[in-house]
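The values are calculated or read from the model by the stated rules, or taken from the named source; none is laboratory data. Values in this document were obtained by computation on a predicted structure and should not be read as measured data. In this analysis, Cβ positions are derived from the backbone assuming ideal geometry, glycine residues included, and neighbour counts consider all displayed protein chains.
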Amino acid sequence: MLGPILFFSKGNWFDTLAVSLALSVATGCAVRYGKHWNGPIYNIVQLIWLALILTHFLGYSSDCWPTGDCTFPVIPLTLLILAAASSIKGYDATANGISIVFWMGLFLIGVVFVAGLWNIKPVNLYPKTQNIDAQTMLVFMLPGAVGLIKGNKFRLKASAVIIILAVVIPAWIAGILSPVIAMQVKWPFYEAAKTVALFDVAKRFEALVSVGVTLCNYALYSLLLCAAASIGRRFGRTREAIVICVGISASLMLLGASIKPEILLVLSIIFWVILPLFGILSRNKNE
């Protein structure tokens, strides 16, 4: 989640804290205690849903690079293919690979974050209530994908880390840019990084941010495709499920199709919270 949080976070850390608390509790309960329904129709719908949510977040992967205005989605498709190649090798191989990638991205982002601490103005950190958009709320629904991966549980430690990120990153942005300015720019973290200098020597940290966010996004895409693989495993068609998900996402990317984040937010609540929790009632009834 680090990549999308960095990309979509504004300077409204107080509102983001409230949203992250509520949605982390909802998704955490659904992943830990919920049960997904069985049946081919339900699994096919889940696979299509994963392709839609993957396509949505893939669409922003090129915005932090100079080629972001390119007509052909080179960066999103490249990351999609790499993530697919990783997930086809299995959960363990994917986990080993993206853990290394994640820590590399976290290190790059950490350098920028630490360098910017001296630019923070305490007066900008005063809690200010501002509207939080559906895009930001959608980001905090992403842990729901963990529930599709058999044998994985969303733990309390993960929820705590997400909540900390939800507060620290917007507060860092607000402290440097001010909450008002942060709400007006497209990518506040990137804009704040432009003002950062380390020991008055190293400047222009935007490239580090771009690389760090891209690495973290790759980890996210791999996770979503692992969830698709888990659905395919129920049919004995793991690789086929990944190929189908990648094919749908790539086709939507090439066609330039998009769905409003408000609609995706509602669907994510249905697929990753409501249906899994209703699955508990269904299981108890069958027992």
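The table below gives the values:
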item	result
Helices (runs of 4 or more DSSP H) completely within the stretch 1-74 that count 2 or more residues being more than 30 Å from Thr129 (Cβ to Cβ)	13-33, 40-58
Residue match in the stretch 80-101 (condition: over 21 Å from Ile259 (Cα atoms), in contact (Cβ under 8 Å) with a residue 24 or more places away in the chain and among the aromatic types (Phe, Trp, Tyr))	yes
Residue match in the stretch 49-58 (condition: modelled with pLDDT of 85 or more and either at positive phi or of a type in the set (Phe, Trp, Tyr) (or both))	yes
Cβ-Cβ under 7 Å pairs, at least 6 apart or on other chains, the stretch 201-223 side closer than 17 Å to Ile169 by Cα and among the hydroxyl-bearing types (Ser, Thr, Tyr), far side surrounded by fewer than 23 Cβ atoms within 10 Å (Cβ to Cβ) and modelled with pLDDT under 85	Ser210/Trp65
